[in-house]
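Asker: Following this message is one structure expressed as structure tokens.
The values are calculated or read from the model by the stated rules, or taken from the named source; none is laboratory data. Just so it is clear, the structure is predicted and the values come from calculations on it, not from any experiment. All Cβ positions, even for glycine, are placed from backbone atoms using ideal geometry, and neighbour counts span all protein chains on display. Calculation scope for accessible area: heavy atoms of the full protein, side chains included, ligands and nucleic acids excluded. Shrake-Rupley method; radii C 1.70, N 1.55, O 1.52, S 1.80 Å.
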Amino acid sequence: MLTLEEIFPPFALSIAAGPVELRVLRDEDLPELVELVRGGVEAPGLPMPFLRAWHQETFAPGAPEGFPTSSLRWWWTQRATVAADQWCLTLVVRRDGVLVGMQDLHADDFALTRTVHTGSWLGRHHQGVGTGTLMRRLVVGFAFDELGAQACESGYVVGNHASAAVSRKVGYVENGRRRMVQHARDGKVGVDEQRVIVTPETFVRAGDPVTVEGAEALRRFLSIDPAPVT
Ligand SMILES: CC(C)(COP(=O)(O)OP(=O)(O)OC[C@H]1O[C@@H](n2cnc3c(N)ncnc32)[C@H](O)[C@@H]1OP(=O)(O)O)[C@@H](O)C(=O)NCCC(=O)NCCS
């Protein structure tokens, strides 16, 4: 019988260094993930970091609306709609085996753009010990080394000093500002987003040795030729 990883290669992916490992979200992760979100995500004193305040929805397990069902829809959709020209890997982050956050890696028309985008968060009790920097270094290094990306883009709400610091430490440079609309708990608000971009030339790698498993099967699955386009 085939294994789950042979049936759906994203499940075989593992990117690890030191105490931190990234793997694609599985249903078995959900109880830990829901508990983590319930414990709080936002860093005190920093702006709401997301486009939509999914983490502040009413906690209503077992109900069709509220958290976690609304977020399950999003996570399962990313898995169900994965395609060579539009994919999003929702990676759970474990530190010493404990689920501490998520690191997304997504791309549209990657074969033509060679550009990936990232988004990430940690449970508030797991912030400030270097995990945010390491997980971003892992996913950016993976995109450059294993997928042949030429640029990784990200962005943060102006005033999110933690995210700005991670971007700076990973080697991102500023890439313009844009006005965007956030769907906050009390309705829509306009905020400024700082866009940032990192390329192989500016990237600051993880200090620990990095181990990657399952990259070849994933490249086949997503029709990715890692050789850079000329
Ligand atoms: C942003 C986030 C992922 C950073 O991860 P982290 O593990 O807390 O960050 P690190 O421990 O790797 O620290 C990276 C830098 O940020 C700085 N930093 C961390 N928290 C900070 C805070 N609340 N205010 C200011 N700087 C902060 C650290 O001092 C460190 O810089 P230094 O090494 O120069 O001192 C995490 O704080 C988080 O999940 N925040 C809530 C969600 C979020 O903002 N996501 C990003 C959306 S763009």
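Asker: Of all residues in the range 70-81, which are surrounded by fewer than 12 Cβ atoms within 10 Å (Cβ to Cβ) and of a type in the set (V, I, T)?
Answerer: The one that is surrounded by fewer than 12 Cβ atoms within 10 Å (Cβ to Cβ) and of a type in the set (V, I, T): T81.
Asker: Would you be able to tell me the number of residues in the range 100-124 that are away from the ligand (no atom under 13 Å from the Cβ) and surrounded by fewer than 21 Cβ atoms within 10 Å (Cβ to Cβ)?
Answerer: Summing the residues that are away from the ligand (no atom under 13 Å from the Cβ) and surrounded by fewer than 21 Cβ atoms within 10 Å (Cβ to Cβ) in the range 100-124 gives 8.
Asker: Out of all the residues in the range 134-176, which are open to solvent by less than 40 Å² (accessible area, probe 1.4 Å) and either assigned to a loop (DSSP other than H, G, I, E, B) or of a type in the set (K, R) (or both)?
Answerer: Hits for the range 134-176 are R136, L147, G148, A149, G159, N160, G171, Y172.
Asker: Determine which single condition G18 fails, assuming it passes every other condition in (1) of a type in the set (G, A, S); (2) open to solvent by less than 40 Å² (accessible area, probe 1.4 Å); (3) within 30 Å of P209 (Cα to Cα).
Answerer: (2)
Asker: Checking the condition outside any loop (DSSP other than H, G, I, E, B), in contact with a His (Cβ under 9 Å, 6 or more places away or on another chain) and of a type outside the set (F, W, Y), which residue from V189, V196, V212, V181 passes?
Answerer: Of V189, V196, V212, V181, the one residue that is outside any loop (DSSP other than H, G, I, E, B), in contact with a His (Cβ under 9 Å, 6 or more places away or on another chain) and of a type outside the set (F, W, Y) is V189.
Asker: Looking only at the range 21-69, filter to residues that are open to solvent by 60 Å² or more (accessible area, probe 1.4 Å) and within 12 Å of the ligand (Cβ to nearest atom); which one of those is nearest to N160 (Cα to Cα)?
Answerer: This residue is G45.
Asker: Let me ask something else about it. Starting from residues that are of a type outside the set (G, A, S) and open to solvent by less than 30 Å² (accessible area, probe 1.4 Å), keep the ones in the range 193-230 and report whichever is nearest to V82 (Cα to Cα).
Answerer: Once the filter is applied, the top-ranked residue is L222.
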